[in-house]
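The values are calculated or read from the model by the stated rules, or taken from the named source; none is laboratory data. These figures come from a predicted structure and were not determined experimentally. Virtual Cβ from ideal backbone geometry, glycine too; neighbours counted across all protein chains shown.
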Amino acid sequence: MHNTETNPWKITSEKAIYDNPWINLTEYQVINPAGNPGIYGKVHFKNLAIGVVPLDDDLNTYLVGQYRFPLEQYSWEIPEGGGPHAEHALDAAKRELLEETGLMANKWTELQRMHLSNSVSDELSIVYLAQGLTQHQAEPEETEQLVIKKVPFEQVYQMVCNGQITDSMTVAAVLKIKIMLLQNNLL
């Protein structure tokens with residue numbers, strides 16, 4: 001019987017492949033769980049992934065549309081961004097919501113923490129629910145060309161179910177909120 005809590009991988013060497021202000025890539029020479037030599041690459045993210053589901057009193061939410069360079073396609077998703085590990089995640093969430101949508105909230109609930117692609121990356125995501133919304137001026141970053149749309153939550157849920165929305169943080173957060181709504185544990 002295998003101990004499920006112990007690391008079956010042995011690292012024999014490592015080499016830095018790539019580094020920029022947001023990520024670095026390391027290649028490891030390993031002995032795999034079967035005892036054979038191999039390689040493993042890991043992408044380390046230098047920031048937390050932060051997501052926010054803004055939900056108003058009428059159960060509308062706000063989606064951010066933008067062209068995603070790695071996918072080479074347009075994506076609709078919740079407001080998202082990064083936050084330095086040294087910064088409190090909630091402060092990063094408040095900043096991202098304001099930057100991307102111009103919204104501020106007076107009630108914040110952490111929805112979930114998740115690893116976004118744990119077979120190749122250590123990226124940790126923290127997603128919040130923001131309620132008690134007020135509109136202010138958006139402050140997008142220079143790398144962002146955003147379209148914001150207010151959408152009934154139920155429509156966003158249907159977009160997730162039919163595959164129109166594929167962003168992992170958005171999918172997970174919308175499904176979690178739907179469950180909370182069905183259990184009457186949200187408002």
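At-a-glance table
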read-out: All positions within segment 27-50 that are free of Cβ contacts under 8 Å to residues at least 40 places away in the same chain, out of contact with any Phe, Trp or Tyr (no Cβ under 9 Å at 6 or more places or on another chain) and under 22 Å from His115 (Cα atoms); value: none
read-out: Strands (runs of 3 or more DSSP E) contained entirely in segment 63-157, each with at least 1 residues that are without any contact (Cβ under 8 Å) to a residue 60 or more places away in the chain and surrounded by fewer than 13 Cβ atoms within 10 Å (Cβ to Cβ); value: 73-77, 80-84, 103-115, 124-135
read-out: Test: residue in segment 40-52 that is under 30 Å from Leu103 (Cβ atoms) and of a type in the set (Gly, Ala, Ser); value: yes
read-out: Filtered residues of segment 7-38 (kept if part of a strand (DSSP E or B) and under 29 Å from Gly81 (Cα atoms)); value: Lys15, Ala16, Ile17, Tyr18, Asp19, Ile23, Asn24, Leu25, Thr26, Glu27, Tyr28
read-out: Filter result for the condition that a residue is within 19 Å of the chain's Cα centre (by Cα) and among the small types (Gly, Ala, Ser), over Gly41, Gly35, Gly81; value: Gly81
read-out: Criterion violated by Ser117 - all others in (1) within 18 Å of Ile165 (Cα to Cα); (2) at pLDDT below 95; (3) in contact with a strand residue (DSSP E or B) (Cβ under 6 Å, 6 or more places away or on another chain); (4) small (Gly, Ala, Ser) satisfied; value: (3)
read-out: Residue that is surrounded by the most Cβ atoms within 10 Å (Cβ to Cβ) [pool: residues in segment 161-173 that are of a type outside the set (A, V, I, L, M, F, W, C) and assigned to a helix (DSSP H, G or I)]; value: Thr170
read-out: Qualifying residue in segment 9-16 (condition: within 27 Å of the chain's Cα centre (by Cα) and among the aliphatic types (A, V, I, L, M)); value: yes
read-out: Flag if Lys176 is among the charged types (D, E, K, R) and in a helix (DSSP H, G or I); value: yes
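This table checks each residue for (1) polar (S, T, N, Q); (2) over 30 Å from Leu175 (Cβ atoms); (3) modelled with pLDDT under 95.
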position: His2; (1), (2), (3): no, yes, yes
position: Glu5; (1), (2), (3): no, no, yes
position: Pro8; (1), (2), (3): no, yes, yes
position: Lys42; (1), (2), (3): no, no, no
position: Asn47; (1), (2), (3): yes, no, no
position: Gly51; (1), (2), (3): no, no, no
position: Leu63; (1), (2), (3): no, no, no
position: Tyr74; (1), (2), (3): no, no, yes
position: Ile78; (1), (2), (3): no, no, no
